[in-house]
Structures are given as structure tokens and as C-alpha cells.
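Before any comments, here is the structure.
The values are calculated or read from the model by the stated rules, or taken from the named source; none is laboratory data. Only a predicted model underlies this, so the values are computations on that prediction, with no experimental measurement involved. Every residue, glycine among them, receives a Cβ derived from its backbone with ideal geometry; neighbour counts consider all protein chains shown.
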Amino acid sequence: MDRLENKQILGVIDATVDIDTLAPLTLNRPVASLPFSGRYRLIDFMLSNMVHAGIDSVGIFSHHLYNSLKGHIGSGKVWDLDRKNGGLFFYVQDKHDKENTQLILQHNQEFFIRAPYQYVIIAPSHIIGRIPILDMLKMHREKEAPVTQVVYAGKGLPIYLLKRQLMVQFLDNLDPSIPQTLMGFVEASTQHLDKNLYQVNELLFTVDSLTNYYKSTMDLLTMDNWNGIFSKKYPVLTTPKDEPPTKYLSGSHVTGTMVANGCLIEGEVTDSVISRGVRIGKNTVVKNCIIMPKVEIGDDCVLENVIVDKEVTIEAGAALKGNDQVPLVVPKNATVYKEWI
Amino acid sequence: MAKKSIAMLLAGGQGSRLKDLTRNLAKPAVAFGGKYRIIDFPLSNCTNSGIDTVGVLTQYQPLVLNAYIGNGSPWDLDRTNGGVAVLPPYSEASGFKWYKGTASAIYENMNYIERYDPEYVVILSGDHIYKMNYAKMLDFHVKKGADVSIAVIEVPWDEASRFGIMNTDDDFNIVEFDEKPEEPKSNLASMGIYIFKTDVLTEFLEMDCRNAESSNDFGKDVIPLLLDEKKKLVAYPFSGYWKDVGTIQSLWEANMDLLKPKEDATTNIDLYEENWRIYSKNPSYPAQYIDAEAKVENALVNEGCVVKGTIKGSILFQGVSVGSGSVITDSVIMNNAVIGKNVKINRAIVGPGTSVLDGRVIQPGEHDDGVVLYTGE
């Protein structure tokens, strides 16, 4: 497919979608910047899908707590989105009301009106996996319906492809008195229209609850699923952190586990995901856990079915145990003392 | 805009004793430590020392090095004023010239130096693994009022005859320089790191390059000339880890040093030190996957590896896969090597992208000096 053809899609990611069932992980960050699979944030997957389809202009709609997202994405260089023409656009709502996106939509209609692209794809930030957007465009062109929606495992997903002009028409009819998210607006505007259903057969995960977050992370620990999400041909792009390789010290025992860079591991780790820059002490046992970046776990600890958020310190000798359906969550920056247990 | 100091990094080394590892690339581009290339160390030292302008002088097989350095962003050297510049030998009206020696490489690029009008020029080589704060050396240089400072390190007496040895008085003034002396009078070896006052550098490079007999080398020609002319040369004593990785044996040793328990500052380089990061290009690989049947102990493993076998006392670079039943001990496996099933590898360096077929055994033979390099069938 030639380059001009690729250039025809404008990317839009709705990072305003708040998922209450992901609390406490989303207390201080949008779902989009939730760490995933050791070294990524959720938005990396959809952003990489767009970039691999040749999309060079992406608008990200976010609510006001977006520091972690802005810090992560920066100028967009990693995704080659630091462009003179097109590139990356942030639209941030200034109010605390998370449902109040219609105002930023109203104020930023220009983004849709001026963009020299024929089509627009609108997607959320919390769907993990490969979506072949160019193939979806091909189907959209061959079929009659004005909107094409992604379907996975018999269920419609909130990923829509349509002509940009149609989106502009929707915006002309925007009623600012109805509070809604960008995605809610698109869904309301398209609900009475015919839709082409674009079937995705490869592995996808929707991370819309704590249980799903935990389960999809754990599901990626099988080789087949791992290969399904992380292909060499379409790498998931993310901001690098200059961490050294991970060091496995004498006495460490790690199995069935994904480990990011910059870790120092002395203990025993089974069926877990260990993110960047984590320390795991001597005689410590970590099982079925998600450990986020820069967590320090002391010696002689036992952790089972636990999600440990970023920069937590767990003192020597502590024991934490969650349920395999509902994991225990240790919130960001916390310190866990042995005496508390 | 004038700068206090800029660095010139000599990265033309052929590294022929690294055999097949330098068949298509210059020595400074050789891989090290599970993630890095040798040149990452001096480049990161520059950034961490506050030097934001670095000229990299290339010669042999520059393609990989040029592409690797790019605009310098991995080392934060993508600057509007300064930054990193690759300086290859170029042809002029009188004909194409290779750099004859390290001194002529700098001399041919005096216009690059003049553009930044620095007070001091730091001259580095791209052949060693070490962490050093060049700003401290510059302070020392200024405080001593030296024309030239040369970083030196104490080496074991029985190895001193392999190095350029500096004989100094009690106040660190260099009184004599012996290139690979048979009977060394001191064990202070030159690290090939020089700080020059820019005007002294210009004067002496011109003098040296007018001399047709000269081999235009800093160690062999320029330093003796400076001593003859009674310039003030001081030795800057460095202590810490410093290792030349010019042979398969020494490259392997330096890698293995990373796995040693730290006894003191000279045991190895601490890659985990937050305020002195070694920067490198970061390719896009997912986290490493250590399979249920794997065994990994005393090892460094980088991103994108998939490990099913046993890894002991070894280093795996990014994107390496190790099949089930394979056992890798005391070895260095470079990026994207594919190790099949039931392979045995001991005391080896396996080159980038090498495939090792199922059941193969790779270990040093009689003629291998204790370590073997394997780059395919």
C-alpha cells in the first residue's frame, strides 16, 4: 500500500474513559497510562497499532490528571509522531468532571475540521493486541455502511472507523448540554447507522476491571499468547528508560515469569510479571504477582496474588496474600511494614 | 558560542584481534555487557560529566558506528548548540586522506574544534570500559595550571611493560614517558585520556604534522615532543574499574567481571548506579520471558530474551532465545542469537544473530586461549 493511501487516516484515542473498577490503580492516573506487561503503558498498544498503519497524526483526548500520560508520551518521538505536519495533539479537559468531554470536543472541533485526512479511527486506550487498521480500512471501502466497528469474540468493541466528514457532521449537531465522553458521543451519534463489522481473530484483551487487568497480564505468561501480542514484525513501541539488563543473583529461582530490565533478583519468582527496576530480596517468594516499576521487596517476604503499584517498599519479612480472582493491591508509593501484617 | 571544553573521541580502532566480531564494524561498536556497545561508555561519561559537544573520529568500517550514533539522542547529545558529530576522514582538493595516526585525526578536524572555540579539549578513545568524571579531571588540570593532563591508572607491575608508562615527580608532574618499557620505572599507565589547553594542542599538532618522520600518534610522537619542549604535563591519577577489551579473552573477562560480587571499586562497573547511567540505544523488545522449565542464576539478561534452558554465570544480550535442555555456562551470547535445544555452551562468546543448531557443543579447544568465539558454521 503506498504512502499517500496510508496517510488518509486520522487517529483519535479517547483516554478520558475512566474505569472505576480499576481503582485503586487509576486513582492518580488515567487508564491510558496504567503500566502493563513489565515495560509498557496501556496506551502504547493502540498508539503502536496506529503507527504501524502509517497514521502520522493522532489526537489524544484526556482528562486533567494526565501528567503521567504526557510524561510518558513526551514529544511522541518513540512513535515517530514528532512531526512538522501532523504528529501528536493533546486535548485535555480542565474540569474535574470526568464526563465533561463535550466541552473539549466543542472547543477543538478544528482538529477534525482542518485535518487533511479522509478517514478517522476512534479507539480507547485500554484494548491490548494487534488491530490491523489498514485491513479494516480496506473492508470499510468495499462495504456500504458508513461506519466500521471492530468485533472480537462475538462482541462489538469501541473502535470505529468512519469518514472524517461524517465525524464533522456529528460535531455540527453536538449538544453541549449533554455530558458525555468522546467515545460516548461517537456511540450515540452512530447508534442508528448501519455498521460493517470487522472481525479481529488474533488475541485481544480489554482491560476494563481489576480482575481483567490481572487476568490478561497472567494470560500473557504463556508462550502462545506472548507471541500473539508481541510479534517481531509489529513491535509495541514504548518510551525507553535506559535500564541495564536484569541481574539474576546466585540463589535466585525464576520460572514462568516476564521480567523487564534493570531488576536485581535474589529470591524466588513464579508465574509473575516483574517491571523495570524492581529489587527482590533473598529468600523472598513472589507468586502470581504483578510488580510495577521501582518496587523494592526486602528479604524473607512472601507475596501471593498481589498487585504492587509503582515505587512501593515492602520491608523484610512481610507477607501479603490476595485471592486468585481478586488480587490484593498495594497502592503507589506505599510502604508495607512487617508489623502491619 | 564558545564552550569551556569539548571532547574528541577517537573511534577509528580496527580491533583486528577481536577477529570476526570486528569484520563489519569498528572496535568501539563492539557489543558489551548485555546491552551496550563499547562507545556507550565514553559517550555516557561525557554526558554525565557535563560535556555536551563531542566529535567522534571514525575510520575503519564506520557504517555501523555512524548509524548507531545517529543524532546522539540516546546519550542526550542531540543539541542545537553542540551535540555529537561523526567526523570521518574526508577528501580535499589534494586527494583523499586516511587519518595517519591519532594526532593527525584531530589535526584534520581543527576546524571542528575552532567552531566551538573551547578553552580545553578532552581527547578520549573508544576502546575501554570505565566510568570517569571528566569534569573532575578538568578541575585538576586547571588547578595544576597544566598544559596537558594525562589520566593514569596503577597497573600490576608485571603487566606494566604492556602499557605507556608515566614517570612522575611527587607533585604528579610527568618527567618521562616510556612506551611499553621492558623495565618499567613506574606502574602508572596512560589511559589514553588527555586534556589539552586548546592553544597548546593547536601548536603541537601543527608542529607534529610538519614532521614527515612522525607517525602522528599522541603517545609515540606528541607527548614526547611536549616533554622535549618543557611543557607542563601532569598525571591525573584515576582509581576504579578500567579495562581494555581489545581481545576475545579480555572482552570475555570484562563481561564476566559484571557478574562478580563487588569487593571494591575495581571489581567491575556498577551498571545500576542511578546518577551515572550508561546510556545506549534502546531497541523495542518486550520484557524477557523466563519459562517454567528454565534455570537462571548469576546472570545478566536483557529484554526480548526467551529462556527455556539453564543459564549460569552468563550474559544474554537483547532478543536471544535459548531452547529447552540447553545449558549455557560462563559465556556471552550476543544479541538475537538463536540457541537451539540441548546445546552446551561453555566459556564462549557467541556473535550477534548466530544460530546454534540443536545438540551442538561449543567450548574452547586447545588453541583457543581459554575462550572461544563462535559466529556460526
_Quick test of your reading of the structure: A:Gln169 fulfils all but one of (1) in contact (Cβ under 8 Å) with a residue 12 or more places away in the chain; (2) assigned to a helix (DSSP H, G or I). Name the failing condition by number._
(1)
_Single residue of the range B:280-300 satisfying the filter (in contact with a strand residue (DSSP E or B) (Cβ under 9 Å, 6 or more places away or on another chain) and within 28 Å of A:Asp80 (Cα to Cα)) that is surrounded by the most Cβ atoms within 10 Å (Cβ to Cβ)_ = B:Gln288
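Residue-by-condition table, conditions (1) surrounded by 23 or more Cβ atoms within 10 Å (Cβ to Cβ); (2) more than 13 Å from chain B (Cβ to nearest Cβ); (3) in contact (Cβ under 8 Å) with a residue 40 or more places away in the chain:
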residue: A:Pro30; (1), (2), (3): yes, yes, yes
residue: A:Arg41; (1), (2), (3): yes, yes, yes
residue: A:Leu47; (1), (2), (3): yes, no, yes
residue: A:Met50; (1), (2), (3): yes, yes, yes
residue: A:His64; (1), (2), (3): no, yes, no
*How many residues does the range B:1-17 contain that are at pLDDT 90 or above and closer than 19 Å to B:Arg37 by Cα?*
5
*asked:* Of all residues being without any contact (Cβ under 8 Å) to a residue 24 or more places away in the chain and closer than 20 Å to A:Gly262 by Cβ in the range B:250-269, which is farthest from the other protein chains (Cβ to nearest Cβ)? Just the residue, please.
replied: B:Asp257
_Go through (1) facing chain A (nearest Cβ under 9 Å); (2) of a type in the set (A, V, I, L, M); (3) within 18 Å of the chain's Cα centre (by Cα) for B:Val245 and report which single condition fails._
(1)
*Does A:Val200 qualify as being in contact (Cβ under 8 Å) with a residue 24 or more places away in the chain, surrounded by 15 or more Cβ atoms within 10 Å (Cβ to Cβ) and either more than 14 Å from chain B (Cβ to nearest Cβ) or closer than 24 Å to A:Ile104 by Cβ (or both)?*
yes
*Any helices (runs of 4 or more DSSP H) falling wholly within the range B:102-172 and containing at least 3 residues that are buried (at least 21 other Cβ atoms within 10 Å of the Cβ)*: B:102-107, B:134-143
*May I ask you to verify whether B:Trp276 is among the aromatic types (Phe, Trp, Tyr), out of contact with any helix residue (DSSP H, G or I) (no Cβ under 9 Å at 6 or more places or on another chain) and either surrounded by fewer than 22 Cβ atoms within 10 Å (Cβ to Cβ) or free of Cβ contacts under 8 Å to residues at least 40 places away in the same chain (or both)?*
no
_Of all residues in the range A:134-157 being surrounded by 18 or more Cβ atoms within 10 Å (Cβ to Cβ) and touching a residue at least 60 places away in the same chain (Cβ under 8 Å), the one that is farthest from A:Leu203 (Cα to Cα)_ = A:Leu137
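Looking for something surrounded by 21 or more Cβ atoms within 10 Å (Cβ to Cβ) and assigned to a helix (DSSP H, G or I) - is there at least one such residue anywhere in the range B:8-19?
Yes, some residue in the range B:8-19 is surrounded by 21 or more Cβ atoms within 10 Å (Cβ to Cβ) and assigned to a helix (DSSP H, G or I).
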*Those residues of the range B:274-304 which are at the interface with chain A (Cβ under 7 Å from one of its Cβ atoms) and in a strand (DSSP E or B), in sequence order*: B:Gln288, B:Tyr289, B:Ile290, B:Val296, B:Glu297, B:Ala299, B:Leu300, B:Val301
*Taking B:Val56 as meeting all but one of (1) within 19 Å of B:Ile113 (Cβ to Cβ); (2) assigned to a loop (DSSP other than H, G, I, E, B), write down the number of the exception.*
(2)
*Exactly one condition in (1) within 23 Å of A:Ile9 (Cα to Cα); (2) not in a helix (DSSP H, G or I) is not met by A:Asn28; state its number.*
(1)
_For the range B:192-212, which positions are surrounded by fewer than 16 Cβ atoms within 10 Å (Cβ to Cβ) and either closer than 14 Å to B:Asp228 by Cβ or in contact with a His (Cβ under 6 Å, 6 or more places away or on another chain) (or both)?_
B:Met207, B:Asn211
*Could you check how many residues of the range B:308-350 are surrounded by fewer than 21 Cβ atoms within 10 Å (Cβ to Cβ) and away from chain A (no Cβ under 13 Å)?*
10
*asked:* All but one of (1) out of contact with any Phe, Trp or Tyr (no Cβ under 8 Å at 6 or more places or on another chain); (2) more than 28 Å from A:Gln8 (Cβ to Cβ) hold for A:Gly262; state the number of the condition that does not hold.
replied: (1)
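Step by step: first the residues of the range A:37-69, then only those that are aromatic (Phe, Trp, Tyr) and at pLDDT 95 or above, then the one that is nearest to A:Phe230 (Cα to Cα). Which residue is that?
Result: A:Phe45.
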*Which members of the range B:230-264 meet the condition of being of a type in the set (D, E, K, R), in contact with an Asp or Glu (Cβ under 9 Å, 6 or more places away or on another chain) and assigned to a loop (DSSP other than H, G, I, E, B)?*
B:Lys231, B:Lys232, B:Lys262
